[in-house]
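The values are calculated or read from the model by the stated rules, or taken from the named source; none is laboratory data. This structure is a prediction, so every number in the text was calculated from the model and none was measured. In this analysis, Cβ positions are derived from the backbone assuming ideal geometry, glycine residues included, and neighbour counts consider all displayed protein chains. Accessible surface areas use protein heavy atoms only, side chains included; no ligands, DNA or RNA. Shrake-Rupley method; radii C 1.70, N 1.55, O 1.52, S 1.80 Å.
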Amino acid sequence: MAKKTWNWGILGCGHIADKFAADLKFAGQAHLAAVASRSAAKASAFASRFGVARAYDSYEELASDPDLDIIYIATPHSHHHRHALLCLDQHKAVLCEKAFALNSAQVSQMIDSARRNNAFLMEAFWTRFHPSFVEALRMIQSGELGRLRMVRADFGFRGNQDPQGRLYNLSLGGGSLLDVGIYPVFTALCALGVPETIQAMAIFAPTGADQTLAVNFKYADGSMASLSSSVAFWAPVQAEFWLEKGFIRLNRQFNAPTTLTVCREGGAEQLMNFPAVPGYGYTAEAEHVMDCLDKGLVESPVLPLSFSADLMSTLDRIRAAAGIVYPEAEAR
Ligand SMILES: NC(=O)c1ccc[n+]([C@@H]2O[C@H](COP(=O)([O-])OP(=O)(O)OC[C@H]3O[C@@H](n4cnc5c(N)ncnc54)[C@H](OP(=O)(O)O)[C@@H]3O)[C@@H](O)[C@H]2O)c1
């Protein structure tokens, strides 16, 4: 029997929305039916680029479009909470970009709303669906290299330093933590869980955004993680897992890895190649959402809401340790 076609909407027509729209074409069950921007001209231009039938100049109109099943939220971190609630209240399934929100209070409200409205909600953490990332987790969990003792991961790039831009503007959740530091933190949580102890230090930009961040985790079983991020300079963007009998490295860029290096105790490094994922690499997360909906699920078993809640509470603890504050979110 042919599988159902799911009608998608995209909320916010920025940089990542463009890539996601391009990748949806590779997902057989997906039909991009509508997009919305704060600007009518931008929405129309986006819609004509991707052959989309409906272009709205208001997010509210998109959320209330009765023909849409799933809405992908592609606005800055600071607006995910508001826009997720807008869509969930219309009983839409929601795939919301990372970082899920600015703090745990916002994430709790999003989860409550999804449960109240019996609507699907998932954080768009594409890394979790990449075959090499999945294989690294499988190898760690299998115990074939002994116990995992250390995770080392970094993500740095030289971002646009416009003080009003999303990367450096605190009112948009600017700084390295929520934009790229979240990847190393996510990886440590996937591999080791929520840490017992957190240390963190930041270098701040004049805007107050954390430009560069160093974080250490310690776990009750004696394992550790050493994580770093920056929006001011380039870094290897690799993740390493050090185990008792060898190490595994997700090679650059580990947020969308295509190769894995494994080194067993006393042996040489072995490179494992994985088949290229289509497009930019966002198809698998979209397919996963539709697979969950096919099965009548309101939550992903691979990326459950409890994981996103743990991730955000860990980010909150890092912020507290490093002195990172988003004043507008704190004031509410
Ligand atoms: N998964 C990934 O690989 C990945 C990669 C990049 C970014 N992201 C995530 O995606 C989100 C968006 O990032 P982006 O790089 O696409 O940002 P962007 O290019 O700045 O686009 C964000 C869009 O949000 C909308 N928006 C609504 N209110 C806004 C406001 N007050 N200020 C600015 N924009 C506003 C705008 O769309 P309209 O003008 O059309 O309304 C804007 O184009 C972030 O949360 C980021 O972490 C994920």
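Of the set (1) free of Cβ contacts under 8 Å to residues at least 12 places away in the same chain; (2) not in a loop (DSSP other than H, G, I, E, B), all apply to residue 217 but (1).
Counting only residues that are open to solvent by 60 Å² or more (accessible area, probe 1.4 Å) and within 26 Å of residue 115 (Cβ to Cβ), region 299-329 holds 4 of them. Being closer than 22 Å to residue 124 by Cβ, in contact with a Phe, Trp or Tyr (Cβ under 6 Å, 6 or more places away or on another chain) and crowded, with 23+ Cβ neighbours inside 10 Å is true of residue 174. What are the residues in region 1-49 that are open to solvent by 10 Å² or more (accessible area, probe 1.4 Å), near the ligand (Cβ under 9 Å from one of its atoms), more than 14 Å from residue 282 (Cα to Cα) and outside any loop (DSSP other than H, G, I, E, B), if any? Result: 42, single match.
Of all the residues in region 261-300, those that are touching a helix residue (DSSP H, G or I) at 6+ places or on another chain (Cβ under 8 Å), of a type outside the set (Asp, Glu) and in a loop (DSSP other than H, G, I, E, B) number 10.
Here's the yes/no breakdown for (1) assigned by TED's automatic domain parsing to the domain that holds residue 293; (2) under 24 Å from residue 316 (Cβ atoms); (3) in contact (Cβ under 8 Å) with a residue 60 or more places away in the chain; (4) more than 13 Å from the ligand (Cβ to nearest atom):
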residue	(1), (2), (3), (4)
121	yes, yes, yes, yes
138	no, no, no, yes
142	no, no, no, yes
160	no, no, no, no
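In region 267-277 there is at least one residue that is modelled with pLDDT under 95, within 20 Å of the chain's Cα centre (by Cα) and open to solvent by less than 60 Å² (accessible area, probe 1.4 Å).
Output the residues belonging to region 169-222 that are touching a strand residue (DSSP E or B) at 6+ places or on another chain (Cβ under 7 Å), within 16 Å of the ligand (Cβ to nearest atom) and of a type in the set (Ser, Thr, Tyr). Selection gives 176, 183, 187.
Under 6 Å by Cβ, and 6 or more places apart or on different chains, what pairs join a residue from region 12-36 that is on the phi > 0 side of the Ramachandran plot with one that is of a type outside the set (Lys, Arg) and not in a loop (DSSP other than H, G, I, E, B)? If the second residue must be of a type outside the set (Lys, Arg) and not in a loop (DSSP other than H, G, I, E, B), no pairs are left. Considering the conditions (1) over 30 Å from residue 30 (Cβ atoms); (2) surrounded by fewer than 14 Cβ atoms within 10 Å (Cβ to Cβ), residue 295 is excluded by exactly one of them, (1).
For (1) among the polar types (S, T, N, Q); (2) open to solvent by 10 Å² or more (accessible area, probe 1.4 Å), each residue gets a yes or a no:
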site	(1), (2)
95	no, no
105	no, yes
108	yes, yes
118	yes, yes
125	no, no
129	no, yes
136	no, no
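From the set of residues in region 79-93 that are under 23 Å from residue 319 (Cα atoms) and open to solvent by 10 Å² or more (accessible area, probe 1.4 Å), which is nearest to the ligand (Cβ to nearest atom)? Checked region 79-93; the qualifying residue nearest to the ligand (Cβ to nearest atom) is 79.
Return the residues of region 50-65 that are outside any helix (DSSP H, G or I) and either closer than 22 Å to residue 122 by Cβ or β-branched (Val, Ile, Thr) (or both); say none if nothing qualifies. Correct list: 52, 64, 65.
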